[in-house]
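Take a look at the structure below.
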Amino acid sequence: MSTTLDSLVSAKTESAARILMDEYVEDIQRYYRGINDPKSYEEAREIALSNVGYYAGYYDQETRERVEQMYGARHPILGSAFGQQLTSEQVYRIGVDYGLSKGKSSSTLEKIRSEELMENILKKIDEDEFSS
């Protein structure tokens, strides 16, 4: 699936984006038919847009904005790419807060919230971002 999402995020023209998105939506429909939970085109497209928006969150700001403009795909947790420049620390805190709000393994997330661990994770993220 990451190859499909890579292609969608990398699309440079509206026509290529439209073709890739239609194929992805059909793949999602096929998947759900296979598990006896058919989805309409609109339902499958919503799933696709959420996935593409989420995946674009791993890319730079410019890519997130282009993906949102091209597909209307926003990150399901971070929201619109436009009008915000989030730091690694802000994204990290939003993710932890979101996990806590959904009741995800709160003991693990509380440990992750510790400042020392967070600083180590953010340092590693920053090193990885600037080492390539």
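Results, tabulated for the structure shown:
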| quantity | calculated |
| --- | --- |
| Positions within the stretch 21-66 being of a type in the set (Lys, Arg) and touching a residue at least 12 places away in the same chain (Cβ under 8 Å), in sequence order | Arg45, Arg64 |
| Filter result for the condition that a residue is out of contact with any strand residue (DSSP E or B) (no Cβ under 9 Å at 6 or more places or on another chain) and not aromatic (Phe, Trp, Tyr), over Gly53, Gly57, Gly72 | Gly72 |
| Residue within the stretch 26-34 that is among the basic types (Lys, Arg), at pLDDT below 95 and part of a loop (DSSP other than H, G, I, E, B) present | no |
| Residue within the stretch 57-65 that is surrounded by 15 or more Cβ atoms within 10 Å (Cβ to Cβ) and among the charged types (D, E, K, R) present | yes |
| Check on Leu78, at pLDDT 95 or above, surrounded by 14 or more Cβ atoms within 10 Å (Cβ to Cβ) and not assigned by TED's automatic domain parsing to the domain that holds Lys102 | no |
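The values are calculated or read from the model by the stated rules, or taken from the named source; none is laboratory data. Everything quoted here is computed from the prediction, not taken from an experiment. No Cβ is skipped: glycine too gets one built from the backbone with ideal geometry, and neighbour counts run over all protein chains shown.
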